[in-house]
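Report on one structure; see the data block that follows.
No lab work stands behind these numbers, since they all come straight from the coordinates. The structure presented is a predicted model; accordingly, all values stated were derived computationally and were not measured. Because the Cβ atoms are built from the backbone with ideal geometry, glycine has one as well, and the counts that use them run over all protein chains shown.
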2 protein chains.
Amino acid sequence: MKILKLKDTNEFTPGAMKRFFLVEDSPSFKIVNFNLDEGVTFPVHSHDLDGELSIQVLEGEGFFLGDGDTKIPAKQGDILISQIREPHGVRSKTQMRILVTIAPPI
Amino acid sequence: MKILKLKDTNEFTPGAMKRFFLVEDSPSFKIVNFNLDEGVTFPVHSHDLDGELSIQVLEGEGFFLGDGDTKIPAKQGDILISQIREPHGVRSKTQMRILVTIAPPI
């Protein structure tokens with residue numbers, strides 16, 4: 001049993017994305033907090049593996065990105081659920097914090 | 001790919017706990033939002049199964065509960081990581097919203 005605190009990773013890099021691996025020692029899932037400065041793109045990508053992921057908007061707003069021109073507004077409290085093998089990405093409008101859970105971990 | 005909105009499940013039952021299964025059709029994980037009215041206990045429990053879970057405090061505050069008298073303050077942005085087979089529970093102080101991710105799903 002352990003406690004993680006999202007307030008401990010509330011840091012941004014100007015014009016870029018900062019990444020904090022909160023859980024990466026578990027066979028069940030990986031949990032990562034990404035903090036995107038305003039106007040930053042987390043490029044669309046996918047992996048040819050079974051499994052799913054969630055991308056939860058903790059703070060700020062932007063867009064969930066997908067295949068082709070898919071661009072879905074993403075606000076605080078919105079959660080994208082996607083297969084790991086489906087193309088997925090994020091673009092921030094304001095500063096934006098997201099929490100990504102990947103199961104099984106990759 | 002699908003989008004869930006936590007603002008759509010922002011409902012409480014006086015003196016009790018309300019439960020919303022956000023993802024329960026995935027072989028990878030289960031995601032559940034529990035909303036506890038103030039002073040409500042989500043009793044300590046465990047399952048004799050491999051896997052882990054996270055309990056993220058979305059809003060409000062209270063305590064993470066564990067084995068014996070374990071009682072850890074839990075505020076917005078705090079995340080408990082636990083084995084499914086470790087005793088775990090929650091007690092709310094204020095109204096409290098939590099997001100539970102279980103992998104693999106049980």
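List of remarks:
- Each residue of the stretch A:82-99 was assigned a 3J(HN,Hα) from its phi angle through the Karplus expression (A = 6.51, B = -1.76, C = 1.60, θ = phi - 60°), giving 9, 5, 4, 7, 8, x, 8, x, 9, 10, 8, 9, 8, 4, 8, 10, 10, 10 Hz with x at Gly and Pro.
- Among A:Phe34, A:Phe20, A:Phe64: highest mean-square fluctuation, GNM of chain A, C-alpha pairs under 10 Å: A:Phe20
- Order of A:Glu52, B:Glu59 under a 10 Å beta carbon neighbour criterion, fewest first: B:Glu59, A:Glu52
- Mean separation of Cα contacts under 8 Å (6+ apart) over length of chain B, as relative contact order %: 34 percent
- Anisotropy class of the stretch A:23-103 from Cα gyration tensor, a/c 1.5 cut: oblate
- Ellipsoid semi-axes in whole angstrom, largest first, where each is sqrt(5λ) of the Cα gyration tensor of the protein assembly as shown: 28, 19, 16
- Most mobile of B:Val40, B:Val90, B:Val23 in a GNM of chain B (Cα contacts under 10 Å): B:Val23
- The Cβ shell under 13 Å around A:Pro87 holds other residues with a net charge of -2, Lys and Arg each +1, Asp and Glu each -1.
- Net charge of Cβ neighbours under 10 Å - reference A:Thr9; Lys, Arg +1; Asp, Glu -1: +3
- Radius 13 Å from Cβ of B:Phe29, net charge of other residues (Lys, Arg +1; Asp, Glu -1): -3
- Cα centroid of the stretch A:34-106 to Cα centroid of the stretch B:11-90, whole Å: 24 Å
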